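Inspection log for the structure reproduced underneath, given as structure tokens.
The values are calculated or read from the model by the stated rules, or taken from the named source; none is laboratory data. All of these numbers come straight from a predicted model, not from anything done at the bench. So basically every Cβ, Gly included, is an ideal-geometry build from the backbone, and we count neighbours across all protein chains shown. Please note that ligands, DNA and RNA were not included when accessible areas were found on the heavy atoms of the full protein model with its side chains. Shrake-Rupley method; radii C 1.70, N 1.55, O 1.52, S 1.80 Å.
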Amino acid sequence: MKRYVSIIYGSLITITAAIWPQLSHGQSFGNEWQEEFNRTAKSHLQEFEETARSHFEQIRSNLNADFIKTIDNAWRDYRVMAGEERPQRKEPETIPVAPELPDNKPAPDPLELIPGKINMPYVPVKPIDLTVPKNPQPLLVKEPRVMQFDFFGTKCQIKPCDYSNLDVRPDQNSIKQAWQQCSASKQTDGLIDDCIRLRESLRLPDMGYLWLLETVAEEICPGNPDSQAFLTAYLLNQSGYDTKIGFSDSALTLLFPTDVLVYATPRVEIDGKDYYIRNRKAAETYVRTFNTDFYKDGIEIRMVPDRMPEFPADQPGHVYSSGLWTSEPEFKVTVNEPLMKFMGEYPQISWEYYAQAPLTEEFRANVLPVMAERTKGAGLNEYDGVRKLLAFLHYGFDYKEDHKQYGYEKVNFPDENFYYPFNDCEDRSILFATLVREIYGLDVVLLHYPNHLSTAVNFNDPTAKGDFLTIDGKHYVVCDPTFSGAPVGMSMPQYASAKPEIYRIARR
């Protein structure tokens, strides 16, 4: 199905690109000709789009029919496994401070650190094909009547639909009947179309799309959590994701696999693959679900985002001030509050994946230009520029360990450092690596110790001095964003004999 859909909509996009650029040409031939050309082009495009959609809906209809035939004998009980506990990192209560070196005393000889295991960058999961044409329509639906809802501060609209007779219970026959009911309803095709258009308009990553569908399901099936869980799972399946619907004695739940481990979330194992349980009420000793797939090429929920949402900020957001960095003129950064809420609710994954996440448009517009202007834009070479960025991480933020700030281990996306009052070694190292890579284009690796995270930079200048590591024949100089006041090349003494585990970061 995926290949056929790609051909249909790839052709549609190609034809669109071929026709529409011409619509503004030909003015010398007269407005009448121009208007007629516009009408003809739009008519052909609409006709092709309707034909393509008809083909796709027929393919999806066939898939649903085949799935309903196989689902009866595919139900199994699966034992619920407890969620993986978040790792506990024993960090210092106060920020470590580097000793001052007297001016008349020579710098100590560089220390060569021995790298431990070298971890390669995260490899993104294959992108999912859109099931609607690209270049989505505007966020608001132009209909006489619409369903409106709020999603992370954004007012969203979909065409009205009626699922008042959708009443799903924790029973496999009820689920089958609901699947037949939804797949036979023409309004479901329009609902899927609207949801995917919203996904593209807001540039939602997979977890954001899951949350969007849950919000839509709450609007459509108010007060009925079982029907909401079913509709969310159904819409994810129809959108190309590998998800299932399961139930225990007490409730229905969405089951979804992911590309990386998610902490503190119960799960079941189906044919060697972990499926996380969305509804904790259903996470008893077992969950009953089907061990067949609706869509053979469906993808897992990608917990390492492929993009960050674009939420309009209607109200003034939180303002970060660099006033702690007294050696530099103060600057301020306004943070998008809805985006912070989205990141704050994001399920916790291992710390290294936050360094692989794409940057938000707000970060690129508000943070990078300021830091680039004060380093590379001020004429600083890469060594001096990195030294200034390191000083910013040392003095631009207050330090506090996660358990005292949040009550649990949490890793910040880069933007979150400008929102929360404190950060720690993971947050600082990921932010520092991001700034160095984006501004100077240098390769940075993360150095992981049992209770600490630091970085090392591969300078283009081979004479860069300081504690170093040799990785694949390349010279990396230690830069510790949490060792306050430490110059480039100084590592914490307690880690001098340790072998840090190396984490490479994929280029964005």
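Assorted remarks:
- Debye equation applied to the C-alpha atoms of region 378-480, log10 I(q)/I(0) at 0.22 Å⁻¹: -1.18
- Estimated at the nearest 10 Å², the accessible area of H403 is 80 Å² with a 1.4 Å probe.
- Of the chymotrypsin sites (Phe, Trp or Tyr not before Pro) found in region 356-465, the ones in coil according to DSSP and having at most 15 other Cβ atoms within 10 Å of their Cβ are Y406, Y408.
- Links that overshoot a 22 Å alpha carbon limit, given the list K281/K410; K186/K273; K69/K126; K332/K388; K90/K465; K273/K410: K281/K410; K186/K273; K69/K126; K90/K465; K273/K410
- Heavy atoms of M492 accessible to a 1.4 Å probe, total area in Å² rounded to 10: 10
- Normalised contact order of region 302-441, rounded percent, pairs of Cα under 8 Å and 6 or more residues apart: 28
- Within region 321-409, GluC sites (Glu not before Pro) in DSSP loop having at most 15 other beta-carbon neighbours inside 10 Å: E330
- Computed with a 1.4 Å probe over protein heavy atoms only, the accessible surface of region 168-223 comes to 33 Å² per residue.
- Accessible area of T292 in the full protein assembly, 1.4 Å probe (Å², nearest 10): 30
- Those GluC sites (Glu not before Pro) in region 244-301 that DSSP places in a loop and that have at most 14 other beta carbons within 10 Å: E284
- Lys, Arg +1 and Asp, Glu -1 on Cβ, resulting dipole of region 226-383 about Cα centre, debye, nearest 20: 180
- Stokes-Einstein D for region 304-375, Kirkwood Rh over Cα pairs, 20 °C, 1.002 mPa s (µm²/s): 153
- Net charge, T70 excluded, C-beta distance under 14 Å - Lys, Arg +1, Asp, Glu -1: +2
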